[in-house]
Amino acid sequence: MACANLVKLNAASSSWIGQKSPFGQRSQGSSTRRVSFSIRASSYTDELVQTAKTIASPGRGILAIDESNATCGKRLASIGLDNTETNRQAYRQLLLTTPGLGEYISGAILFEETLYQSTTDGKKFVDCLRDENIVPGIKVDKGLVPLPGSNNESWCQGLDGLASRSAEYYKQGARFAKWRTVVSIPCGPSALAVKEAAWGLARYAAISQDNGLVPIVEPEILLDGDHPIDRTLEVAEKVWAEVFYYLAENNVVFEGILLKPSMVTPGAEHKEKASADTIAKYTLTMLKRRVPPAVPGIMFLSGGQSEVQATLNLNAMNQSPNPWHVSFSYARALQNTVLKTWQGRPDNVEAAQKSLLVRAKANSLAQLGRYSAEGESEEAKKGMFVKGYTY
């Protein structure tokens, strides 16, 4: 494996989790590092807290439709459609104008193109969302690029100009933001990659809050690999410890953020699959060890699981009270059946919207701990894992 071949080349800068010298150690010797514990307040603080509470409301979660144009094009291609702005607009209009969607969905993450689009009747998409009491959100990162000095790992770019872009997104109606970075277990993960992911997320979060946007903090731990669930737990705990250290360093208001973690599962190629109860146990263990109760909401990504499996896992995590609102921020696990039902045909729009409501309601029930998979279709049970991408 390429990742393994690079270990000796980067031994000094890329020691990884599991070695005797933990990367989380801050300093050596007799010197003591001073840490500031002051809490930053801004003109947006009260609004940020209220926005986060609105999104983390009982029985509701987030619809993620912030795929880049290229990724959206792949989904359109799966049903035989060209990747044009007209087709992207038509699909997003189908989703965002679904009657009654706000009963189950509290926020929708949009791509920049979508934030500025309108329906064919001229109504802004952000207004369609507001009418359903759904908070508009915006993807603000600029994607992943190779991280020099690491073990074939990536870092997320987009901090340059983020403040001015965030201010413009706020004017357009966005009230929360999303920044996705990734951590790869087969590639280490290296101390460098984890620190870069945590620092980037913290800087993004602070800039977002300064401009009125609730930041979704998302260090996605990719499903790639054949590692057991205990290894995922070990890495997740280290990653989230680093993330919260740098969030505090940057004076981010915890009550005004949301988290979008991966569920703690075995690697996608691991020989033993975990049950929903096992995944819930490991995931909640990680969260309770690392996430302060001041954080209002944990909005899980579906991670390439089937629609049904993602919902079952969420339901298992809500069988007893949690310190935070434990819910969903799903893309494919809400859209897969919708897309296949629509097929790009205007006469299928109503049926596709009904299928979206079915999936949204199922996950709403899972957030409340009341979901049952009885009667689910075979299509909804199919997995959607793509190597290197669990969004």
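The values are calculated or read from the model by the stated rules, or taken from the named source; none is laboratory data. Worth saying up front: this structure is predicted, and the values here are computed from it rather than measured. For neighbour counting, all protein chains shown are included, and Cβ atoms are generated from backbone atoms with ideal geometry for every residue, glycine included. Calculation scope for accessible area: heavy atoms of the full protein, side chains included, ligands and nucleic acids excluded. Shrake-Rupley method; radii C 1.70, N 1.55, O 1.52, S 1.80 Å.
Contact map, the range 95-109: first residue β-branched (Val, Ile, Thr), second residue open to solvent by 10 Å² or more (accessible area, probe 1.4 Å) and assigned to a loop (DSSP other than H, G, I, E, B), Cβ cut-off under 8 Å, separation 6 or more or different chains; pairs are Thr97/Thr119; Ile105/Arg60; Ile105/Glu132.
Would you mind finding the one in Gln335, Gln353, Gln309 that is part of a helix (DSSP H, G or I), more than 30 Å from Ala248 (Cβ to Cβ) and open to solvent by less than 10 Å² (accessible area, probe 1.4 Å)?
Gln335
Based on what the data block shows, is Leu81 open to solvent by less than 30 Å² (accessible area, probe 1.4 Å) and either in a loop (DSSP other than H, G, I, E, B) or not acidic (Asp, Glu) (or both)? Even if it seems obvious, please write down each step before you answer.
Values: open to solvent by less than 30 Å² (accessible area, probe 1.4 Å): no; either in a loop (DSSP other than H, G, I, E, B) or not acidic (Asp, Glu) (or both): yes.
Taking the combined requirement at face value, the residue does not satisfy it.
Within the range 192-209, residues that are on the phi < 0 side of the Ramachandran plot sit with their Cβ atoms under 9 Å from residues that are assigned to a helix (DSSP H, G or I) and at pLDDT below 95, at 6+ positions apart or across chains, in these pairs: Leu192/Asn10. When the range 131-142 is examined, which residues are found to be open to solvent by less than 20 Å² (accessible area, probe 1.4 Å) and assigned to a loop (DSSP other than H, G, I, E, B)? Hits for the range 131-142 are Ile134, Val140, Asp141.
Evaluated against (1) of a type in the set (D, E, K, R); (2) crowded, with 19+ Cβ neighbours inside 10 Å; (3) more than 18 Å from the chain's Cα centre (by Cα), Lys124 falls short on exactly one condition, (2).
Look through the range 283-301, keep the residues that are assigned to a loop (DSSP other than H, G, I, E, B) and touching a residue at least 60 places away in the same chain (Cβ under 8 Å), and return whichever of them is most open to solvent (accessible area, probe 1.4 Å). Checked the range 283-301; the qualifying residue most open to solvent (accessible area, probe 1.4 Å) is Pro296.
Conditions (1) part of a strand (DSSP E or B); (2) modelled with pLDDT of 95 or more; (3) open to solvent by less than 10 Å² (accessible area, probe 1.4 Å), marked per residue:
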residue	(1), (2), (3)
Ala64	yes, yes, yes
Thr71	no, no, no
Gln89	no, yes, no
Arg92	no, yes, yes
Thr98	no, yes, yes
Ala108	yes, yes, yes
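The one condition from (1) open to solvent by 40 Å² or more (accessible area, probe 1.4 Å); (2) modelled with pLDDT under 95; (3) more than 19 Å from Ser275 (Cβ to Cβ) that Lys381 does not meet is (3). Restricted to the range 215-247, and to residues there that are closer than 22 Å to Glu269 by Cβ and in a strand (DSSP E or B), the residue that is farthest from the chain's Cα centre (by Cα) is Ile221. Filtering the range 356-378 to residues that are open to solvent by 30 Å² or more (accessible area, probe 1.4 Å), in a loop (DSSP other than H, G, I, E, B), in contact with a helix residue (DSSP H, G or I) (Cβ under 8 Å, 6 or more places away or on another chain) and modelled with pLDDT of 95 or more leaves only Arg370.
The rows are residues; the columns are (1) over 21 Å from Arg231 (Cα atoms); (2) assigned to a loop (DSSP other than H, G, I, E, B); (3) open to solvent by 40 Å² or more (accessible area, probe 1.4 Å); (4) of a type in the set (Gly, Ala, Ser).
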position: Met263; (1), (2), (3), (4): no, yes, no, no
position: Lys281; (1), (2), (3), (4): no, no, yes, no
position: Asn315; (1), (2), (3), (4): yes, no, no, no
position: Ser327; (1), (2), (3), (4): yes, no, no, yes
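Just name the residue that is surrounded by the fewest Cβ atoms within 10 Å (Cβ to Cβ) out of those in the range 143-162 that are in contact (Cβ under 8 Å) with a residue 40 or more places away in the chain and on the phi > 0 side of the Ramachandran plot. Please lay out each step first, then the result.
Quick first cut of the range 143-162, residues in contact (Cβ under 8 Å) with a residue 40 or more places away in the chain only: 143, 147, 149-153, 155-156, 158-159, 162.
Among the residues that remain, those that are also on the phi > 0 side of the Ramachandran plot are: 143, 149, 152, 158.
On the way: Gly143: 12, Gly149: 14, Asn152: 19, Gly158: 16.
Taking the candidates together, the pick is Gly143.
Scanning the range 265-277 for residues that are open to solvent by less than 40 Å² (accessible area, probe 1.4 Å) and of a type in the set (S, T, N, Q) yields a total of 1. Listed conditions (1) part of a helix (DSSP H, G or I); (2) at pLDDT below 95 are all met by Leu76, apart from (2).
The residues of the range 234-274 that are closer than 23 Å to Leu314 by Cβ and either basic (Lys, Arg) or without any contact (Cβ under 8 Å) to a residue 24 or more places away in the chain (or both), listed by number, are Lys260, Lys273. Among the residues making up the range 225-261, a single one is closer than 17 Å to Cys187 by Cα, among the charged types (D, E, K, R) and surrounded by 21 or more Cβ atoms within 10 Å (Cβ to Cβ): Lys238.
Please go through the range 57-70 and pick out each residue that is without any contact (Cβ under 8 Å) to a residue 24 or more places away in the chain and within 29 Å of Leu365 (Cα to Cα). Before you say what the answer is, go through the steps one by one.
First pass over the range 57-70, keeping only residues without any contact (Cβ under 8 Å) to a residue 24 or more places away in the chain: 70.
The answer is none; no residue qualifies.
Looking across the range 163-186, the residues that are farther than 20 Å from Glu255 by Cβ and open to solvent by less than 10 Å² (accessible area, probe 1.4 Å) come down to Tyr169, Gly173, Thr181, Val183.
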